[in-house]
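Report on one structure; see the data block that follows.
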Amino acid sequence: MTAMAGAWNMLANCAGARRGDRVLLAYEPAEYGYFDASVLNTVGRMAHEMGLIVKTVNVGFDPHVTRLSDALRAQMDKVDIVVFLARLGDQLRFCDMPKEKRIVVCFALDDNLLGSGFGTTSYGAFVALKDCVTDALSSAATVRVTCPNGTDVVGTPEMPHADAGDTTVSRFPMSVFKPVPAQSFSGRVALCGFLTGTGSQYYDDYTLEFDGAVMAYLEQGRLVGFDGCPRDVAAANAHYDRISGILGIDRNFVHSWHAGIHPGCGYLQEARANYERWGGAAFGNPRILHFHTCGAYAPGEISWNVLDPTIWMDGVPVWENGVFHPSRLAGGQAILDRYPDAAAVFAHPDAHVGLAAWRVMSDGPALLEAAS
């Protein structure tokens, strides 16, 4: 498959584009180090081939943006579809998007992701899987999250109404299920070596790396403390103090969590090379589960990332050590049967997530072989 096939999947199957539709490609230049320039070129070529009327606009990158500019909104008013090849779409998807437009935020940041199984596998398959997982969570009496590094969190999902708790902006590819509110969950979370932002707002010292293994503890959706070496614990607390103080938000609120559902989501670079970029792309892999924390809103401002989660729904390990098993959900196998290309991706998942695995040992943390 090629990146052009991924661009067609996004425009036709996600955006619902048809010949004659007017599409605005709102892009972030490659000089910001996030989106590769090839993505704009590929999507633009495919849009022309499909007979769409294409306009492009450079929206740049503003780490402190809170609303669409009047000029951009005026351009959006003149088209049928807006595709964000820019972080701006992710920054504002919860708060400032016109609801009458077909708006897509692209999470395939380069032609490699766009042309891989992540970009080319039927979009409808993962919409169906998202809904399948959300339905299962809504009916589950108990959900438990564990991981090889010591995570152990338990609660009863209090899922929002079908029309709430999500965004009307479409993700491409669809790569996570509806966030699970954390208000009923308690336990410990093994952080995979760092704290980083959520892509909601950007701030100085966006990522805090730890020297050793760190556990975060929550009670009924509230952060109650960290465990690890004293220097790491002090740094984690100072990080929360600083971010919550700068932004004037609830320091200890743990809003929600979700895991990746797309086994075609392979991230080939090391996370530490660019944590902002990693956080905007790798989270769709089932090997990653993350919590939205620091702020009583989605997605919060600091994420806790868990490597290779097991998610137990009423005792059934639907995720098992980072592998998502749709067949263990009611209706899951039927979705794979309906979409053979999705079944093929699940049969050969991409294990690259840009991380190395941490293990807590009796004599301290030890860094295992790179999992990426």
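The values are calculated or read from the model by the stated rules, or taken from the named source; none is laboratory data. A quick note: this is a predicted structure, and the numbers were derived from the prediction, not measured. A quick note on method: Cβ atoms are made from the backbone with ideal geometry, for glycine too, and the neighbour counts reach across all protein chains shown. Note: accessible area is taken over every heavy atom of the protein model, side chains too, but ligands, DNA and RNA are not part of it. Shrake-Rupley method; radii C 1.70, N 1.55, O 1.52, S 1.80 Å.
Exactly one residue among N41, N13 is without any contact (Cβ under 8 Å) to a residue 40 or more places away in the chain and among the polar types (S, T, N, Q), and that residue is N41. Among the criteria (1) crowded, with 21+ Cβ neighbours inside 10 Å; (2) within 28 Å of L109 (Cα to Cα); (3) touching a Phe, Trp or Tyr at 6+ places or on another chain (Cβ under 9 Å), the one G322 does not fulfil is (3). Counting only strands (runs of 3 or more DSSP E) that sit wholly inside segment 60-171, those with at least 1 residues that are open to solvent by 30 Å² or more (accessible area, probe 1.4 Å) and touching a residue at least 60 places away in the same chain (Cβ under 8 Å) are 102-106, 143-146. Answer yes or no as to whether L88 is over 29 Å from W319 (Cα atoms) and within 20 Å of the chain's Cα centre (by Cα). In short, yes.
When restricted to residues that are part of a helix (DSSP H, G or I) and polar (S, T, N, Q), segment 1-37 contains 2. Residue count for segment 280-326, restricted to those that are of a type in the set (K, R) and part of a strand (DSSP E or B): 0.
Please state which one of D314, D341 is touching a residue at least 12 places away in the same chain (Cβ under 8 Å), charged (D, E, K, R) and at negative phi.
D341
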